[in-house]
Amino acid sequence: MQRILTLLALILAAFPLALPAQLPATGPLSSPYSFTMNPEPDLLAGGAGQVEPAAFGDRNFSRLTVRSTGSTLGTGAELATNLPHHFDLRVFGNYTNFTYNFEQSQFNIGVNLEMTNTGAQVDYYPWKSFRISPGYLMYNSDRVRADLQAQDGATFTINHVTYNSDDADPIHGIGRLVLAGRGFMVTTGWGHIVSRSRHHFTFPFEAGAAFISTPKVLFELQGDICAAQGYECREVDDYPGFTANLNTQLASWNKTVAPFHVYPLVEGGVAYTFRIRR
């Protein structure tokens with residue numbers, strides 16, 4: 001079972017790498033609109049060049065950005081607009097539901113990753129395209145679930161004690177890693193979310209952390225455990241010492257995941273900006 005928890009954590013950590021590839025790179029486009037800009041155009045990748053101060057003097061809410069994202073919060077979308085001076089405002093939402101089935105340690109396992117969350121951030125650009133983005137995760141029900149079914153002759157270890165699953169009523173159950181909870185978040189990165197140049201497309205990147213509720217591991221098992229296959233078989237709740245060992249193991253797992261209440265954020269995506277008024 002320790003291997004199963006470790007696998008869940010690895011899947012969660014590797015998830016951003018498994019997201020669908022971003023849209024193919026697109027070359028610079030000539031805008032049909034008249035923008036106030038630096039004669040030296042920004043770099044396409046995030047608008048990293050020097051931005052003329054007048055670009056920050058546009059009328060508030062005069063530009064709208066639509067952005068698709070992939071991050072450790074899942075896949076989703078953002079809407080952003082420009083505010084006075086060196087500020088932008090954006091709101092975001094993510095939804096991901098991904099299932100993977102495999103076999104390990106004599107168990108059939110189905111892992112489901114479900115990430116549903118929404119929030120808002122303010123982007124502040126103190127220097128060129130460098131930004132600091134505080135925000136708030138307003139809704140978050142992220143979790144990882146594993147459905148387990150023992151194969152014939154399966155054995156498993158809980159709290160360093162090995163048990164035999166009964167083939168007549170195999171061990172089966174559900175494990176959950178809950179990563180939910182609202183909280184403050186902050187990221188930093190390079191590249192304009194709302195483009196300040198003649199380029200419509202930008203490719204901003206950011207990293208930071210969200211402060212969520214303390215993660216929790218839950219584990220529910222059913223079926224029969226035997227001293228040896230077919231001998232002295234009992235329900236898991238009635239098997240001597242099993243409940244105490246499971247509770248001890250859960251306490252250890254929860255101690256391991258507790259530091260992730262500071263949840264790491266890594267995000268990339270493609271943004272498209274257009275003028276909505278002058």
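Miscellaneous remarks
- ASP123 more than 30 Å from TYR231 (Cα to Cα) and touching a residue at least 12 places away in the same chain (Cβ under 8 Å): yes
- Residue tally, condition over 19 Å from the mean Cα position of the chain (by Cα) and either among the hydroxyl-bearing types (Ser, Thr, Tyr) or farther than 30 Å from ARG59 by Cβ (or both), over the stretch 255-278: 3
- Test set (1) surrounded by fewer than 21 Cβ atoms within 10 Å (Cβ to Cβ); (2) in contact with a Lys or Arg (Cβ under 8 Å, 6 or more places away or on another chain); (3) among the small types (Gly, Ala, Ser) - GLY173 fails condition number: (2)
- Subset of the stretch 147-168 (residues that are surrounded by fewer than 17 Cβ atoms within 10 Å (Cβ to Cβ) and touching an Asp or Glu at 6+ places or on another chain (Cβ under 9 Å)): GLN151, ASP152, GLY153, ASP167, ALA168
- The stretch 119-146: number of residues that are surrounded by fewer than 16 Cβ atoms within 10 Å (Cβ to Cβ) and either polar (S, T, N, Q) or farther than 30 Å from SER197 by Cβ (or both): 3
- Checked against the criteria, ILE109 does not count as at pLDDT 95 or above, surrounded by 21 or more Cβ atoms within 10 Å (Cβ to Cβ), of a type in the set (Val, Ile, Thr) and over 16 Å from the mean Cα position of the chain (by Cα).
This table checks each residue for (1) more than 30 Å from PRO170 (Cα to Cα); (2) modelled with pLDDT of 95 or more.
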site: PRO41; (1), (2): yes, no
site: GLY70; (1), (2): yes, yes
site: GLY74; (1), (2): yes, yes
site: ASN97; (1), (2): no, yes
site: ASP123; (1), (2): yes, yes
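The values are calculated or read from the model by the stated rules, or taken from the named source; none is laboratory data. Because the structure is a prediction, the values reported are computed rather than measured. Cβ atoms come from the backbone with ideal geometry, glycine included; neighbour counts cover every protein chain shown.
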